[in-house]
Amino acid sequence: MNRFKIFLCIITFISLTLSTRAQEIILKPVLSHQALEVMNRTIVVLKDQHNRPIVNVKAQPYPGIAWIKGIEFQNGIIEFDVKGKDILQESFVGIAFHGMRDSIYEAVYFRPFNFHAKDPIRRKHAVQYIAVPENDWPYLRENFPDKYEAPLSIPVDPNDWFHVKIIIHNNNIKTFINGDPNPALIVESLHPNTGGKIGFWTGHKSDGYFSDLVITREGNSVLVE
């Protein structure tokens, strides 16, 4: 009888362990031309001195996205490195997620030219959440001031690489910068959280550099062919 109980305990432990692991899958997409589907942009894939692939998204009018092919994402963690530049109104860089179509998605992006701005109002506009098409930044800023954008919680060089970590769980979205334990921005989603595509996002007349994308999927986030 004791052996049977021990056997049941072992089976239960293994089942719980496998169940927990099955709910969390870490993906490191290969960053190449073949792995990206580009909307309103052209891209160049470079290598740095450590042979690290870097996606350079070129500037064009209106926003553009380099979608990662084959990944459907709902809940989990998105991490990546990004670099913009300290030029006024020419650096809007971030990540799009829950993409239904090229015109329907959520995004968190940064305005590096506001990171160290002397104007305190501009500094408050460093990191931004949007959910297009209905909830783009002009509508959110006018109707919900300081709710969907915020200053950075730590100093960041606007001309250098910085690391972004976005935790998405149901309707809650938290954005962290360079390992800071305090989130730079916390918002509730304005988009039905039904899953969708992930892609590198740049704004109007803006280019950017992206690397080291890591996606931790939870629950019913699935990989699609």
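Miscellaneous remarks
- The one condition from (1) free of Cβ contacts under 8 Å to residues at least 40 places away in the same chain; (2) open to solvent by 20 Å² or more (accessible area, probe 1.4 Å); (3) over 15 Å from the mean Cα position of the chain (by Cα) that H204 does not meet is (1).
- Apart from one condition, A66 fits all of (1) more than 15 Å from the chain's Cα centre (by Cα); (2) surrounded by 17 or more Cβ atoms within 10 Å (Cβ to Cβ); the exception is (1).
- Among residues of region 40-54 that are more than 22 Å from W67 (Cβ to Cβ), those with a beta-carbon under 7 Å from a residue that is part of a strand (DSSP E or B) and open to solvent by less than 60 Å² (accessible area, probe 1.4 Å) at least six positions away or on a different chain give the pairs D48/I54.
- Within region 83-101, the set of residues being touching a strand residue (DSSP E or B) at 6+ places or on another chain (Cβ under 7 Å) and open to solvent by 70 Å² or more (accessible area, probe 1.4 Å) comprises M100 only.
- Filter pass, R101 being modelled with pLDDT of 95 or more, basic (K, R) and farther than 15 Å from G203 by Cα: no
- Residues (buried (at least 18 other Cβ atoms within 10 Å of the Cβ) and part of a loop (DSSP other than H, G, I, E, B)) located in region 152-188: L152, S153, V156, P158, P183, A184
- For P192: the one exception among (1) within 29 Å of E24 (Cα to Cα); (2) assigned to a loop (DSSP other than H, G, I, E, B); (3) of a type outside the set (G, A, S); (4) open to solvent by less than 60 Å² (accessible area, probe 1.4 Å): (4)
- Residue selection: H204 satisfies the criterion of being out of contact with any strand residue (DSSP E or B) (no Cβ under 8 Å at 6 or more places or on another chain) and either closer than 28 Å to R52 by Cα or in a loop (DSSP other than H, G, I, E, B) (or both).
- You will find that of L18, L46, the residue that is at pLDDT below 95 and either more than 17 Å from D160 (Cα to Cα) or part of a strand (DSSP E or B) (or both) is L18 and no other.
- When region 173-201 is limited to residues that are of a type in the set (S, T, N, Q) and without any contact (Cβ under 8 Å) to a residue 40 or more places away in the chain, the one that is farthest from K47 (Cα to Cα) turns out to be N182.
- Qualifying residues in region 24-39 (those that are over 23 Å from R101 (Cβ atoms) and without any contact (Cβ under 8 Å) to a residue 40 or more places away in the chain) - the one most open to solvent (accessible area, probe 1.4 Å): V30
- Qualifying positions in region 111-149 - outside any helix (DSSP H, G or I), over 18 Å from G84 (Cα atoms) and open to solvent by 20 Å² or more (accessible area, probe 1.4 Å): K118, D119, P133, E134, N135, D136, F144, P145, D146, K147
The values are calculated or read from the model by the stated rules, or taken from the named source; none is laboratory data. Keep in mind it's a predicted model, so treat the numbers as computed, not measured. Cβ atoms come from the backbone with ideal geometry, glycine included; neighbour counts cover every protein chain shown. These accessible areas exclude ligands, DNA and RNA; they are computed on the full protein's heavy atoms, side chains included. Shrake-Rupley method; radii C 1.70, N 1.55, O 1.52, S 1.80 Å.
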